[in-house]
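Q: Once you've had a glance at the structure underneath, I'll fire off some questions.
Here, each number is a calculation from the coordinates, and none is a lab measurement. Not measured: the values here are computed from a predicted model. Backbone-built Cβ (ideal geometry, glycine too); neighbour counts: all protein chains shown.
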Amino acid sequence: MNKKDTNRLKLNLNLYQRVYLIRTAEERICGLYPQDEIRTPVHLSIGEEAIAAGVCSGLRPEDQIFGTYRSHGIYLAKTGETDKFFAELFGKTNGLSKGKVGSMHLFAPEYGFLGTSSIVASIIPVAAGAAFANKIHKNKKIIAVFFGDGAVEEGAFWESLNVACLMKLPVLFVCEDNDLAVHTHKSLRQGYRSIGDIVAKFNCNIFKKETTDVELIYKLTNQARKAIMESQKPSFLYLRYYRYKEHVGIYEDFHCGYRSRREFEKWRKKDPVNLQRKKLLKLGARNSDLRKIERKIDRQIDNSIICARNADFPDPRGICRDLYINTIG
């Protein structure tokens, strides 16, 4: 195997670790949730692992990220950490925010993970502000902000995109389009055909791909990041995916009538985790090597869950600690 092939194999092994970590962690959440051990609503990203893993891998470690309430995948892809993650979901003191915020407001600035929000589109202006700060400090850090297609129907998105283009901010807008805003298809919400076509009218770089191949998304992110640095303009990354589970929770919801199982089966044929595993075998990886990676991640998650179970709940008397309050009046 020549150096180029070796490097590609190494890259794809790293990408597989990330998509497998996300998938396995969330599958474990599916098993734990009915037992009432997880003390927070969960919005799972099963089916979209390639976006989180590809984008986070395509950025530099020092680049920073904001995200939505569907936060698990981007957190795990950015940090690789599971101890504080599971502890937060269990509502324990050793969680990311001492068990006080749950799944939708993850925050780990030491990893460049600057926060997620439960309010649709609310994190996008914050990301634009952080990008402005990075520009002022000239630290060459990129801000990546993840949001769904429903967020583009909020004024906060268009105002943030406009100011980012006007001020030439180092921000990567990552639109994850699954056609749905909760249960409503975009054909019933959007009076236009293409998000990308409209954003292309702004002074920014446009990149789009309909793929579940994490390597392709990694490469596209590299291009988008390079374009930000070279053109001094923001980039807009438009990606498609399919959400396997219900909007919030762990079950399938094809009986609800807003989407069909046939559509799900179509997307499952190009499942991002299975696709990446098959690719690695074609690239020369041995099945035994992949199982070694998988077992290591399985053990990591098992140990994190044990630690979360054994940890303490916060003292109720400390409920108002670590909060910002307005003391005027």
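Q: If you average the alpha carbon positions of the stretch 63-91 and of the stretch 213-285, how far apart do those two centres end up, in angstrom?
A: The stretch 63-91 and the stretch 213-285 have Cα centres spaced 18 Å from each other.
Q: Which whole-number percent is the relative contact order of the stretch 204-329 (Cα, under 8 Å, 6+ apart)? Before the final figure, lay out each step's value.
A: Details: 68 pairs, mean separation 26.0, N = 126.
Relative contact order of the stretch 204-329: 21 percent.
Q: Of the listed pairs Lys10/Lys201; Lys209/Lys279; Lys92/Lys141, which have alpha-carbon separations greater than 29 Å here? If you can, show how the numbers build up before the last one.
A: Values: Lys10/Lys201 38 Å; Lys209/Lys279 19 Å; Lys92/Lys141 32 Å.
Listed pairs above 29 Å: Lys10/Lys201; Lys92/Lys141.
Q: Which of Arg225, Arg262 has the fewest other C-beta atoms within 10 Å, and how do the rest follow up to the most?
A: Ordered by Cβ neighbours within 10 Å, fewest first: Arg262, Arg225.
Q: Give the aspartates and glutamates whose C-alpha is closer than 15 Å to that of Lys140, dropping any in the same chain fewer than 8 places away, or say none.
A: List returned: Glu62, Asp63, Glu230.
Q: Using a Gaussian network for the chain with springs between C-alpha atoms less than 10 Å apart, which of these wobbles most: His43, His255, His183?
A: Among His43, His255, His183, the largest mean-square fluctuation in the Gaussian network model of the chain belongs to His255.
Q: Further question on the same structure: Starting from the Cα of Lys135, draw a straight line to each of the lysines and keep only those under 18 Å, dropping any in the same chain fewer than 8 residues away.
A: List returned: Lys168, Lys226, Lys233.
Q: Let me ask another. Compute a Gaussian network model of the chain, connecting alpha carbons closer than 10 Å, and tell me which residue from Ala181, Ala164, Ala308 fluctuates the most.
A: Between Ala181, Ala164, Ala308, it is Ala181 that shows the largest mean-square fluctuation.
Q: Sticking with this one: So how do Asp302, Asp63 line up by other beta-carbon neighbours within 10 Å, fewest first? Walk me through the numbers before you get to the answer.
A: Values: Asp302 12, Asp63 20.
Exposure proxy ranking, most exposed first: Asp302, Asp63.
Q: Considering the values [x] 160; [y] 127; [z] 136, which represents volume of the Cα convex hull per residue in Å³ as calculated for the structure under consideration?
A: [x]
Q: Further question on the same structure: Using a Gaussian network for the chain with springs between C-alpha atoms less than 10 Å apart, which of these wobbles most: Glu176, Glu37, Glu49?
A: Among Glu176, Glu37, Glu49, the largest mean-square fluctuation in the Gaussian network model of the chain belongs to Glu37.
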